[in-house]
Amino acid sequence: MGIRLSIIAIYGDALPYWDDYEIGRLLHLYQTGTIQLADIFVNANEHRLVFNRLISILFFEANQHQWDPMIPMVFNGFLWALAGALLL
């Protein structure tokens with residue numbers, strides 16, 4: 001976990017990366033109240049799209065409607081560390 005956090009601290013950037021702009025569109029729909037279930041399941045270039053979209057909405061709401069891609073990065077690092085600890 002510490003190594004992941006240090007890599008995020010050194011190389012992480014709050015600038016959206018590739019399809020993160022699609023998350024911005026989804027969050028706009030969420031904020032305006034026009035989001036539909038189909039918006040969460042629409043195709044993308046990711047293999048974990050539903051999980052990432054739901055996590056982004058959760059952290060968007062927790063961060064007082066401000067989107068910061070660094071927060072899901074830290075959360076994913078925590079999930080990797082937890083999964084590694086469970087496998088051990």
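Test of understanding: among Tyr17, Tyr21, which residue is exposed (fewer than 15 other Cβ atoms within 10 Å of the Cβ), at pLDDT below 90 and assigned to a helix (DSSP H, G or I)?
Working: Tyr17 fails: assigned to a helix (DSSP H, G or I).
Exactly one residue qualifies, and that residue is Tyr21.
Take the conditions (1) touching a residue at least 40 places away in the same chain (Cβ under 8 Å); (2) more than 15 Å from the chain's Cα centre (by Cα); Ala83 misses just one of them, which is (1).
Quick one: would you say Asn76 is over 17 Å from Gly24 (Cβ atoms), open to solvent by 90 Å² or more (accessible area, probe 1.4 Å), at pLDDT below 90 and of a type outside the set (D, E, K, R)? Let's see the steps before the verdict.
Numbers: over 17 Å from Gly24 (Cβ atoms): yes; open to solvent by 90 Å² or more (accessible area, probe 1.4 Å): no; at pLDDT below 90: yes; of a type outside the set (D, E, K, R): yes.
Answer is no for this residue.
If you filter region 30-47 down to residues that are assigned to a loop (DSSP other than H, G, I, E, B) and open to solvent by less than 100 Å² (accessible area, probe 1.4 Å), you find that the one that is modelled with the lowest pLDDT is Glu46.
Residues in region 58-78 that are more than 18 Å from Tyr21 (Cβ to Cβ) and either within 8 Å of the chain's Cα centre (by Cα) or assigned to a helix (DSSP H, G or I) (or both): 8 in all.
For region 5-14, give me the residue count where each residue is more than 16 Å from Ile55 (Cβ to Cβ) and part of a helix (DSSP H, G or I). Talk me through it step by step, then tell me what you get.
Of the residues in region 5-14, the ones more than 16 Å from Ile55 (Cβ to Cβ) are 5-7, 9-14.
Filter once more, keeping what is part of a helix (DSSP H, G or I): 5-7, 9-11.
Within region 5-14, residues that are more than 16 Å from Ile55 (Cβ to Cβ) and part of a helix (DSSP H, G or I) number 6.
Gly84 satisfies every condition listed in (1) at pLDDT below 85; (2) part of a helix (DSSP H, G or I) except (1).
The values are calculated or read from the model by the stated rules, or taken from the named source; none is laboratory data. Bear in mind the structure is a predicted one, so any value in this text is a computation, not a measurement. All Cβ positions, glycine included, derive from the backbone under ideal geometry; neighbour counts span all protein chains shown. With ligands, DNA and RNA removed, areas are computed over all heavy atoms of the protein, side chains included. Shrake-Rupley method; radii C 1.70, N 1.55, O 1.52, S 1.80 Å.
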